[in-house]
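Beneath this line is the structure, given in C-alpha cells, with notes to follow.
The values are calculated or read from the model by the stated rules, or taken from the named source; none is laboratory data. All figures in this text were calculated on a predicted structure; none of them were measured in a lab. Cβ placement follows ideal geometry from the backbone for every residue including glycine, while neighbour counts extend to all protein chains displayed. When the accessible area is computed, the model is the full protein with side chains, heavy atoms only, and any ligands, DNA or RNA have been set aside. Shrake-Rupley method; radii C 1.70, N 1.55, O 1.52, S 1.80 Å.
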Amino acid sequence: MKKLYIHAIVLLAAGSYLALFSAHAQPSAFYPEQITPAEVTKPAPSDQASSSSGTAEPAEDPVEAFIRNRSLQQRIAQLMIVTLEGESRLLLGDVTYLKSFSPGGILLARSLNPSTALSYVQSVRSFEAVSGAPFLIGADLFALTQPTRSLPSQFIQLPTPFSVLATSSPDIFQDYSALLALYTESLGFNFYPGPALDLSPPFKTAADTVLTLGSDPVKAAGIASCFQNAFAGTRTAWMPMGFPGGGANREGRSAAVLTTPLSALLEQDGLPYRQVIEQGAGIIHVGNVLVPTLDTSSPPASLSKEVMTDLLRHQLNFQGVIAAGPLDEALIQAETDPAVSAVMALLAGADMLLWQSNLVQPEKAIKRIAAAVTDGTLSEEHINDSVRRVLRLKMNLAQATPAQLTSKNKRVDLKKLGEWSVKVERHAATLIKNQGNALPLVKDGGAPVGITGVVGVEELYQLLEKEVKRLVRQSITSARHVGDIERFEIDRLTRNMKALGTIVVILTDRVRFESQIELLRALKQNGAKLVVLFLGDPRNACRLQEADSILLSYCNSNATLQAMQALAPVLMGKSPLRFRDFPDEIRVKAGEERSFDSKEILCSPVGRLPIALSDQYPAGFSLSMDPGPAIKKVEWFFDGKRIKKDKVAFTFSTPGKHTVSVTVTDMFKTEQSREIPFYAE
C-alpha cells in the first residue's frame, strides 16, 4: 500500500467478523453449538473416540450445519440483499424485518456523517445472532456520501472514476483503489457494491458518465484489476456492478441496452469483468440491462439464463456468488411482479437478489420462492447450493488477515484522505481551450476578476481572494434548485458584471445546457474574457465556444468545496506538471549552441480527456497553459554537468548519442525526472 496509507489503520465496528468468530461471540452458524474454532482443530481425547480405531469423528462442515439446522425460509433469506429505509438509525420497519427475515446482505442508502454510519452498522450487527451468520453490510459510497436534503455532506467526496482516468497515472489508479477499500472498512462495512465496470456510452444524452470507466476497455480492465487487488485479502467483499456491461447506455428513464455482440463482448464491455474473474473475484453483480445481442428473448440480464448460467458461470467459469437486480427497479416491476422475478432470477442462475427499496418486496419474494420450492418449480438443493456459495464467501472474509488490521485503536486519517481526494481532482483538471492565454489568471492584472456560476462561487471566492487583488462575485442562487438559469438571473449578471477583465463562470452537467450557453453569450457582450470551469460529465462542454478558456473537472457537481480546492491553484497556474511526449531521438548539430527551456518540455495542467468529445477533442486530448507559475525548481544534467536553471544554453561538442536528464519540482513539492535522448551529427 502506498505511503499515504501506511499510518491509516482501519477501525472495525463492534460485532465485526473478528468478534463473531471468537470464543466470546454469539454462537456461530459456522461451528456447532458450544464449539469454538480453536476447539474444532484440537484432537479429541482418545476416550471420546467414536470409532473402534480410536480416531475422532471429524467436525461437521459449518456451512452444511447451517443448511441442516435452518428452515427453508431462513435459508432463502440468506439470498437477499436488502436496502434499509432509515438514514441515521434503524426505523421500526427495519427492525421488524431484521427480526423476522435475517438477510444475507444489507445496504445503507443514506447516512448523515461517518460516525453516524459507523454506529448504524453496529446497530445492524446486533441482529446477526438471529440468523447465526454475519451480514454483508455495505453501501454505494458515491450515493452514501452525497448531501442529504441540500445540507453539506460531512463525508469525504471521493473522486469519480472519470477523474481517476483523466490523471492517466497508474500510481493514482492503485492509490484510488486502496482508498476505496480503506474508506469502506473505516465506516464499519464489509461489503462494497461498486463501482460499476461499465464503459462510457457512445452517445451524448446518456446519464452518469463520470461513474463509468471511459471508452477504452483495456484501461477500464486495468482499473478494475486495481480494485480487485485492493480488496483481495481484506475483510470486505467487493462486488463489481453491472455485468455484462452496457449499464450506462440509457437515455432518461428508459432501459439500458447492451449493443455489443457476443463475439466481441469479452474484448469490449466484458473485458473488465473477465479481468476480475481471472483474479479471483468472489461476488459479481448482474444488472438489469437489456441484452438482445446475448439473449434473443431480450430479457434483463438479471433474468437471463444465457447471461448468468451460460456466459458467466460456464463460459467464464465464475465460481463465486452471482447477485442480480435490483428486482424492484421500476423497469422490472412494469413487466413482472418482483416476487415472480425473484423466482425467475434464481432459475436463471442468480445466487443473491438485490432490492433497492421497500422491505415489503423482499419479504414477498422469500414467501414466493418458498412456494416455488414446495410446488417443484425450484428444487431445495438449488437453494442450498446458492446458500453454500454465500456462506463460503462470508467465511473467506472472516478468515482474511489483512496487514492493515494490526491495530484496532487507530482510526483512518480522514484529513489525509480528503487531501488525497483533492490531489486527484487537481491532477484530473483538463484544459481544452485557452484562447488568448486567458489562463492562468494574473495576480494583479489591472481590471478586476469576477466569479459567477451555478455552484461553488462562494467557495472559490474565498480561495482566490488572497491571490487576486481585485475580485468580485455574483452567485446564481436559483439554478441549483430549478436546474435552469432563468432569464432574470442572466439579465442581473449582465448588468452587475460590467467593466471586468475576466469572468470565471462555474457551470455543471446538472443545469440545462442551453441556458448556460445563453449566459455565456450575454456575458461575452460585456467584453470580458470568459473562463469556464465545467464540473461533471464533459460530453457537451465542447459546445461552450463563447468561452475563452474551458477547464474541465470530472467531480460530482455536489462536491463543490473539494472541487474548488483542487481548481483554485490551477486557475493561478499552480498546477501539477507532466513532461510532454518526446520522439525516440532528437537530432541536433554538433558544436551548435541550443536553448533548453523547461517551459518547452512541460505541460500544465496535466489532465487528459478520458473520452472523445468530438473530432476536435479526441480521447487523450489536452492543452497546456504557461507552466512557469507551476515550476519551483529545475535541474539539468548534460554529460555529467549539473545546471540549476529553468532555461539554459548548451552545446554538444562531440558527435554521437547524448542523454540529457532533467529533474523538475513543482509548487506542491512533487519531484519528477525524465531522460531525453539526443543525437549530435
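For the stretch 83-110: of the residues being surrounded by fewer than 18 Cβ atoms within 10 Å (Cβ to Cβ) and within 22 Å of the chain's Cα centre (by Cα), which is nearest to Ser126 (Cα to Cα)?
Only one residue fits best here, namely Glu87.
Of all residues in the stretch 449-503, which are in contact (Cβ under 8 Å) with a residue 24 or more places away in the chain, among the polar types (S, T, N, Q) and surrounded by fewer than 21 Cβ atoms within 10 Å (Cβ to Cβ)?
Correct list: Gln474, Thr494.
Mind checking which residues of the stretch 506-529 are touching a Leu at 6+ places or on another chain (Cβ under 6 Å) and part of a strand (DSSP E or B)?
Ile506, Thr508 - these are the residues of the stretch 506-529 that are touching a Leu at 6+ places or on another chain (Cβ under 6 Å) and part of a strand (DSSP E or B).
Determine which member of the set Gly607, Gly591 is open to solvent by 10 Å² or more (accessible area, probe 1.4 Å) and among the small types (Gly, Ala, Ser). Steps first, please.
Values: Gly607 fails: open to solvent by 10 Å² or more (accessible area, probe 1.4 Å).
After ruling out the rest, the residue left standing is Gly591.
Counting only residues that are in contact with a strand residue (DSSP E or B) (Cβ under 6 Å, 6 or more places away or on another chain), at pLDDT 95 or above and among the hydrophobic types (A, V, I, L, M, F, W, C), how many does the stretch 498-519 have? Full working, then the answer.
Within the stretch 498-519, the subset in contact with a strand residue (DSSP E or B) (Cβ under 6 Å, 6 or more places away or on another chain) is 500, 502-508, 516.
This time we only want the ones that are at pLDDT 95 or above, so: 502-507, 516.
The next check asks that each one be among the hydrophobic types (A, V, I, L, M, F, W, C); those that pass are 503-507.
Residues that pass the stated criteria total 5.
Which ones in the stretch 252-270 are open to solvent by less than 20 Å² (accessible area, probe 1.4 Å) and outside any loop (DSSP other than H, G, I, E, B)?
Correct list: Leu265 only.
All but one of (1) outside any loop (DSSP other than H, G, I, E, B); (2) open to solvent by 50 Å² or more (accessible area, probe 1.4 Å); (3) under 23 Å from Ala350 (Cα atoms) hold for Thr296; state the number of the condition that does not hold.
Unmet for Thr296, out of (1) outside any loop (DSSP other than H, G, I, E, B); (2) open to solvent by 50 Å² or more (accessible area, probe 1.4 Å); (3) under 23 Å from Ala350 (Cα atoms): (1).
Might you let me know whether the stretch 624-633 holds any residue that is farther than 30 Å from Lys204 by Cβ, surrounded by 11 or more Cβ atoms within 10 Å (Cβ to Cβ) and more than 39 Å from the chain's Cα centre (by Cα)?
Taking the stretch 624-633 first, the residues farther than 30 Å from Lys204 by Cβ are 626-633.
Checking the rest, the ones that are also surrounded by 11 or more Cβ atoms within 10 Å (Cβ to Cβ) come to 626-633.
Still in the running and more than 39 Å from the chain's Cα centre (by Cα): none.
The answer is no, given that none of the residues of the stretch 624-633 is farther than 30 Å from Lys204 by Cβ, surrounded by 11 or more Cβ atoms within 10 Å (Cβ to Cβ) and more than 39 Å from the chain's Cα centre (by Cα).
All but one of (1) open to solvent by less than 40 Å² (accessible area, probe 1.4 Å); (2) modelled with pLDDT under 95; (3) in a loop (DSSP other than H, G, I, E, B) hold for Ala619; which doesn't?
(1)
Using beta carbons and a limit of 8 Å, which pairs, at least six apart or on different chains, have the first residue in the stretch 656-680 and within 13 Å of Phe582 (Cβ to Cβ) and the second one of a type in the set (S, T, N, Q) and surrounded by 13 or more Cβ atoms within 10 Å (Cβ to Cβ)?
Val662/Ser598; Arg674/Ser661; Glu675/Ser661; Ile676/Ser661
Identify all residues within the stretch 308-336 that are charged (D, E, K, R), in a loop (DSSP other than H, G, I, E, B) and either closer than 26 Å to Arg274 by Cβ or in contact (Cβ under 8 Å) with a residue 12 or more places away in the chain (or both); write none if there are none.
Of the stretch 308-336, the ones charged (D, E, K, R) are 310, 313, 328-329, 335.
If we keep only those that are in a loop (DSSP other than H, G, I, E, B) as well, we get 328-329, 335.
Asp328, Glu329 - these are the residues of the stretch 308-336 that are charged (D, E, K, R), in a loop (DSSP other than H, G, I, E, B) and either closer than 26 Å to Arg274 by Cβ or in contact (Cβ under 8 Å) with a residue 12 or more places away in the chain (or both).
Tell me, yes or no, whether the stretch 349-363 has at least one residue that is open to solvent by 30 Å² or more (accessible area, probe 1.4 Å), among the acidic types (Asp, Glu), in contact with a helix residue (DSSP H, G or I) (Cβ under 8 Å, 6 or more places away or on another chain) and modelled with pLDDT of 95 or more.
Checked against the condition, which is being open to solvent by 30 Å² or more (accessible area, probe 1.4 Å), among the acidic types (Asp, Glu), in contact with a helix residue (DSSP H, G or I) (Cβ under 8 Å, 6 or more places away or on another chain) and modelled with pLDDT of 95 or more, the stretch 349-363 yields at least one hit.
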